Structure formats: C-alpha cells, structure tokens
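K.L.:
Here it is, the structure in full.
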Amino acid sequence: MLTHPIDDHQRFGWFLSMEINAPVGRQSHADPTLPGSGPLWRSLTRRHADALGRPQSSAARSYGSGRTEHRTMDDLVLRIIIFAIVGLVSGFISGLFGIGGSTVRLPIFIYLLPWVGIGQSVLMHVASATSMALVIPSAITATRKQYALGNLDVGFYKTWVIGLFVGVALGAILLPHGSTEILQTLFAVYILLVGFYIAFGRGRFSSGDAPPSGSKRIGIASFVGLVAALTGTSGGTLTTPILSTCGLALEKAIAIASATGLVTGSIATIGGILSGWHAPDLPSYSLGYVDVVIFVVMMPTVMISAPWGVSVGEKFSETTLQRTYAALLILVGLDLLRRLTF
C-alpha cells in the first residue's frame, strides 16, 4: 500500500520508464515500476528536478518545496499559454504569405524565449532546434501535396537529398560550438539577404537553362543544408530562388523546396537532440536542444491558424504580399543586428 499519493510527475516517469526500459533482445535490469529509471525520462526531467530542488535517483523522487513546485508549474503553464499564442500568430503569418514559417518563428523565439527563462548561452540553439522540429509536420504535408500534383522530380530529388544530408549533418556538428551571438548574426544576415532578394532581385538573375546535375547539384544542396541547420530554417526559402535561377521550372523548384524541409527538419532535429543531450541551462522537458513543450503546443495551433492566413491572403495581390513580407524580413533582420550591437 502506498503511504503517499503519486503525483503527475511520478506517473509520467513511470510511463517513460516502461517505454524506454522495455527489454529488446536482452533482459533490462531497470525496474520499470520505479519512476525515473529510463534514460529518456532522466534527460527530460533532469533540469526540471533541479528546478524543483528534488534529488535525482532511479527510485521515487522525494517531495521538494511546495512553494518552489508551485512556482515551477506556474512557469510551465505560462510557457504553454505564450507559445500557443505564438503558434496561432506564426501559423497565420505563414498562411498569409505562403511560406514555411521558419523565418517567422525564429525571430519570435529570439524575442520571447528569454522571457520564459531560456539562458542566453543556449538561446539560439534551442530556438533553431525547436524550429527545425516544427518544420517536419508542415514539410510532410507539403511534400505529399506536391507529389500528388506530379511536381516533384523524384530523380532530381534523390541526388539533392545526398547533398542536403551532408550539409545538415555538418551544420548539426557545428551548431553547439557556435555562440548565440554568432548564430543570431548568421540568421539576421540570412533574412536580410532573403528580404532584399524578394524586394529587388527576384527574376533578375539567371545562370543557365539546364538545371544543376551531378557534383554541382550535390554541392548546392550541401550549401542549402548547412545554411538551414545553422539558421534554424527549412531551407525552402533558399532552395526555390537558387533552383529557379539555375534553370529548373518554378513549380518543380517549389516542389523540391517543400521536400527539402522534410530532410533538413528531420536531420537537424536529430542532431539538435544528440548535440544538446548533456548541454547545461536547458529548459525543463526538453530533448537536447529541442523544447518538447513548445513543439507540442505549437504544432496544432500552427495547423489551425494557417488556413486563416491563406483566406486573408487571397484578398491581397501577390505583389503587395511579397513587398510586405520583404519589408518585414528586412526590419526584423536590422533589429536583430541592432540588439547585438547595443
């Protein structure tokens, strides 16, 4: 008979312990009935337990200070509310401008993550990895749609994936070694260049009539993957203008850009989890650099509000939307650089 009630924290630990410690091919020696005995659970709750003042062990956690626990729960609820609203806003903007959303999410993360206790030392790392995790659901939907429409050139994409893998893997390796200031500068410069291209350079450049092939295609894809991993973006914003400039039909370039997010998002998310597994100063309930709370809260809210943005966007001309989006990127990029300077 239990001498005290099991709280939600312990029940969640029991569930993950059962999942992670289930024997596969050999008998596990971990006791699945004890909360916190699984390695995944230990990673998820390590920082949360510290915040609650709870000693860490493979047995049941002792009760921490009630006041501290209440404060931590309040912080978690506040995080959920804030990023549910962020999901609605970013989803609406993504639908309005017809974009993937990474260039919208990252600035919002940079502005708001410090308000929920994310340390400056890992600010961009958490922002980038969590943003890349959020790329995956929308990339799956977009890729399936492009494939159904017959726009996705599978032969081209197979070679493109090789380069993406190389570039994103390299970016995932470099990410933990870059400071927040360096990564924020890279992102700010990136969105400034994208903004200026949309405003002044679209359709003015051409490098030939034949799409890139062979080592050139792999090289371009590697560059896209590296930039995507270091900036926390899907790579689609970069892929479409590069491939259309190189001679690929626009509808096929857009299809490849959609499928690019599927690869960059998946690999960068895995890289963010592994490279941040033992990183200090991470938020509670995170997997490496990926904030699980933000991911779970934002994913459905983005999907809910994106169609609203599409509906509103249909009332404006394409030129108006492009100019507005370009101005937004330029203003945000300049502000991010200003914050680093002053």
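K.L.:
For a Förster distance of 45 Å, can you work out the FRET efficiency between the beta-carbons of L149 and F196, rounded to the nearest 0.05?
P.N.:
Given R0 = 45 Å and the Cβ-Cβ separation, E is 0.90.
K.L.:
Keeping every protein chain in place, order Y325, Y285 by accessible area at 1.4 Å, biggest value first, i.e. largest first.
P.N.:
Output order, biggest surface exposure first: Y285, Y325.
K.L.:
Amide H to amide H under 5 Å from S286: which residues, 5+ apart in sequence or cross-chain, H placed 1.01 Å off N in plane?
P.N.:
Answer set, sorted by chain and number: V292.
K.L.:
Treat the stretch 238-277 as a sphere of radius equal to its Kirkwood radius over Cα pairs and apply Stokes-Einstein at 4 °C in a medium of 1.567 mPa s; give the translational diffusion coefficient in µm²/s, rounded to a whole number.
P.N.:
Stokes-Einstein gives a translational diffusion coefficient of 117 µm²/s.
K.L.:
If you count, for each residue, the other Cβ atoms within 10 Å and average over each peptide, how do 330-341, 267-278, 190-201 line up from highest to lowest?
P.N.:
Per-residue Cβ counts within 10 Å, averaged per peptide and sorted highest first, yield 267-278, 190-201, 330-341.
K.L.:
May I ask you to give the average projected area over all directions of the convex hull of the Cα atoms of the stretch 127-182, in nm² rounded to one decimal?
P.N.:
The number I arrive at for the stretch 127-182 is 4.7 nm².
K.L.:
Ignoring ligands, DNA and RNA, what percent of the 1.4 Å accessible area of the stretch 295-339 is carbon and sulfur?
P.N.:
69
K.L.:
Using a 1.4 Å probe, how large is the accessible area of F97, given in Å² and rounded to the nearest 10?
P.N.:
Here the accessible area works out near 40 Å².
K.L.:
Pick out, in residue order, every one of the trypsin sites (Lys or Arg not before Pro) in the stretch 157-255 that is DSSP loop and has at most 10 other C-beta atoms within 10 Å; say none if there are none.
P.N.:
Sparse-neighbourhood loop trypsin sites (Lys or Arg not before Pro): R204.
The values are calculated or read from the model by the stated rules, or taken from the named source; none is laboratory data. All figures in this text were calculated on a predicted structure; none of them were measured in a lab. Positions of Cβ are backbone-derived with ideal geometry, glycine not excepted, and every protein chain shown enters the neighbour counts. Surface accessibility is based on the protein's heavy atoms, side chains included, excluding ligands, DNA and RNA. Shrake-Rupley method; radii C 1.70, N 1.55, O 1.52, S 1.80 Å.
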